[in-house]
């Protein structure tokens, strides 16, 4: 049976759903929201990792393959069940994939297989709108927020991110604008963040050459990204809708 946790009798605990929670930006986002007292429901392809710091993690983790539309729909049913009639204050679409070739190099538009194009777009583009539409009633109930995680690679050709990844992120940025227009009349704000080079375990060799060209001359941290996500999910950003916030130390200028 699903359990709805509360901070007081009159103020139910805020709840957020995060995809791609097992590492990097996702992991930092879980810690940021959990520290602020939010209930965090996580989704990833992997089982809940034992070393994760939040107490309710095992009970509020859903293992789902977002590349599988049927499994994604099943996860939406499970999420609704776990919310048990409560609202969803935030949906953060963070999960993404960027396949490489056998040598670990980026795949361009010519050498990316059709199967890989479809795989990338299902995870990076279709899953976010499936989740948002599937949970629209829960979001509307509490005037929640949706944050789509795009990328600097959605606006320029990136030396490491593949063509399918970059175009899927560009499409997600466009989708964010469309969603902001469509969801706002229901009281739901939709925004995006576009990280640049962030210090995570998935950095590619040669990243130091990019860092040398960033005005701030350093990588961003996952917590810096998580802070911006948190801002977009709180009342501090109550009139921010349809925005895409660049988090890249000035790399885009």
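Only the coordinates and a few stated rules stand behind these numbers; no lab work does. Since the model is a prediction, treat every value here as computed from it, not as a measurement.
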Could you compute how fast segment 85-201 diffuses translationally, taking Rh as the Kirkwood radius over C-alpha pairs and applying Stokes-Einstein at 20 °C with viscosity 1.002 mPa s? Give it in µm² per second.
144
Using only DSSP helix segments of four residues or longer, with each worth -39500 (n - 2.57), what per-residue ellipticity at 222 nm results for the chain after dividing by its residue count and rounding to 500?
-10000 deg cm²/dmol
Cα convex hull of segment 89-141, projected area averaged across orientations, nm²
4.3
Computed over the Cα atoms of segment 132-185, what is the ratio Rg over Rh, Rh following Kirkwood?
1.10
Dimensions of segment 15-246 along principal axes (Cα, Å, largest first)?
48, 40, 38
